[in-house]
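Novice: Take a look at this one; I'll ask things after.
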Amino acid sequence: MKLSTSSLYIVSTPIGNLDDVTFRAIEVLKNSDIILCEDTRRSLKLLNHFKIKKRLISYHKFNEKKQASNIIEYINQGKILSLISDAGTPLLSDPGRILVNQCIENKIKIIPIPGVSSITTAMSVSGFKDHFLFYGFLPKTENELKKILTSLSENSFTQIFFIPAIKINFYLKNFKEHFSGRKILIAKELTKIHETFFRSNIDNLETFNDKVKGELTVIISEKNIEKKVINKEKIVNKAKKYLKKYSLKDTVDLILESEKINKKEIYKLCLKVKNEKNY
C-alpha cells in the first residue's frame, strides 16, 4: 500500500474489540513514519497486537498546541504521520483539532481512515430517530450543566453524550429534570466481553446502586412533538370576522397571534373564505 507523503492520516482504531480494526488502518499505521498517540501506553497494546513498531509521539490535550508546530515540520520534511486516539475516531471529543486546522492553513493533505466510533455504534442499536446531535462530554458543575441541558432540551433531535461512569447518577438526576417523556439508552463496555445496554424511559429510570466503571455512551431519544389539531370551524369564523375589515394578509397575521398553528393551513382556510365571499 503506497501512502501519500507529506500527509497527515486520521486513523480510527477499535473502541474495545481489537478485531474491529480495518485492514486499511493497519496498513496505514504500518507504513507511517510517526504515529501520534493520545496515550502511548494504551496505543502500544494495539500496535504490539498487530506487530507494528513505529516511532510514537505523545499528542494529547495538554501538549497539542506545543506539539503542533513540530508535527507540521515533520510533515513538511516529507514524512508520513498518523494520528490515533485512545479508542475510536480521533477528534470526536479527542485532541487533534488544533493540528488539523494548522494542516489546513499550511495546505497539508489530511486523509481520513474511517472505522469504529462509539457514537455510531451505540446509535445503530438505539432504535431512536437518526437525526441526532452529538454533544460529547457535558459540563461537570451543576450550574453549567443546567444551562446546557435547558438549551438542549428544546432540541427535538436524538442526543448523544459521553459520560464518565463514576458520575452517571449525577447526570441521570439532571436528565430526568430536563428530558421528561423521552427514552434513554446507556451503552457500557461497547464491543467488549461485558458489553451492556441499559434501556428505559427517563421518567422511570433508577439510579445505579453499584459502581459503574469506564466511559459511557448515553443516548436520549428524540422529543415526541404532538401535532396541534386545527379547529377549522374556529379559524373560518375568525376569518369571516376579520376579512370584513382587513386584507387577507392582515387577517392571516391576526389569526396567527392567537392560534399557534401552521401558517399555510391558516392561509388556505382564509383564502377559501375570501374566494367564497361568504362573510
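Novice: Mind checking whether some residue in segment 239-246 is exposed (fewer than 11 other Cβ atoms within 10 Å of the Cβ) and not hydroxyl-bearing (Ser, Thr, Tyr)? Steps first, answer last, please.
Specialist: We begin by selecting, within segment 239-246, every residue exposed (fewer than 11 other Cβ atoms within 10 Å of the Cβ); these are 244-245.
Of the ones still in play, those that are also not hydroxyl-bearing (Ser, Thr, Tyr) are 244-245.
Yes.
Novice: From the list Ile113, Ile160, which one is modelled with pLDDT of 95 or more, crowded, with 20+ Cβ neighbours inside 10 Å and over 18 Å from the mean Cα position of the chain (by Cα)? Full working, then the answer.
Specialist: Numbers: Ile160 fails: over 18 Å from the mean Cα position of the chain (by Cα).
Within the list Ile113, Ile160, the selection yields Ile113.
Novice: On the given criteria, is Phe134 part of a helix (DSSP H, G or I) and farther than 30 Å from Ser4 by Cα?
Specialist: Criteria not met by Phe134.
Novice: Among the numbered criteria (1) outside the structural domain of Glu142 (by TED's automatic domain parsing); (2) in contact (Cβ under 8 Å) with a residue 24 or more places away in the chain, which single criterion is violated by Lys263?
Specialist: So the condition that Lys263 fails would be (2).
Novice: Arg97 versus (1) under 18 Å from the mean Cα position of the chain (by Cα); (2) without any contact (Cβ under 8 Å) to a residue 40 or more places away in the chain; (3) not assigned by TED's automatic domain parsing to the domain that holds Lys61: which is the lone unmet condition?
Specialist: (3)
Novice: Considering only segment 39-58, state which residues are in contact with a Leu (Cβ under 9 Å, 6 or more places away or on another chain), part of a loop (DSSP other than H, G, I, E, B) and surrounded by 12 or more Cβ atoms within 10 Å (Cβ to Cβ).
Specialist: Phe50, Ile52, Lys54
Novice: Checking the conditions here, which among Lys61, Lys66 is assigned to a helix (DSSP H, G or I), modelled with pLDDT under 95 and out of contact with any Cys (no Cβ under 8 Å at 6 or more places or on another chain)?
Specialist: The unique qualifying residue is Lys66.
Novice: Please report, ordered by residue number, the strands (runs of 3 or more DSSP E) entirely within segment 180-276 with at least 3 residues that are in contact with a helix residue (DSSP H, G or I) (Cβ under 7 Å, 6 or more places away or on another chain) and closer than 30 Å to Ser124 by Cα. Step through it out loud before you land on a result.
Specialist: Numbers: elements: 183-188, 196-201, 215-220.
In segment 180-276, 183-188, 215-220 are the strands (runs of 3 or more DSSP E) which contain 3 or more residues that are in contact with a helix residue (DSSP H, G or I) (Cβ under 7 Å, 6 or more places away or on another chain) and closer than 30 Å to Ser124 by Cα.
Novice: Against the definition (surrounded by fewer than 18 Cβ atoms within 10 Å (Cβ to Cβ), at pLDDT 95 or above and within 26 Å of the chain's Cα centre (by Cα)), how does Thr22 come out, yes or no?
Specialist: Yes, satisfied.
The values are calculated or read from the model by the stated rules, or taken from the named source; none is laboratory data. Model, not experiment: these values are computed from the prediction. All Cβ positions, glycine included, derive from the backbone under ideal geometry; neighbour counts span all protein chains shown.
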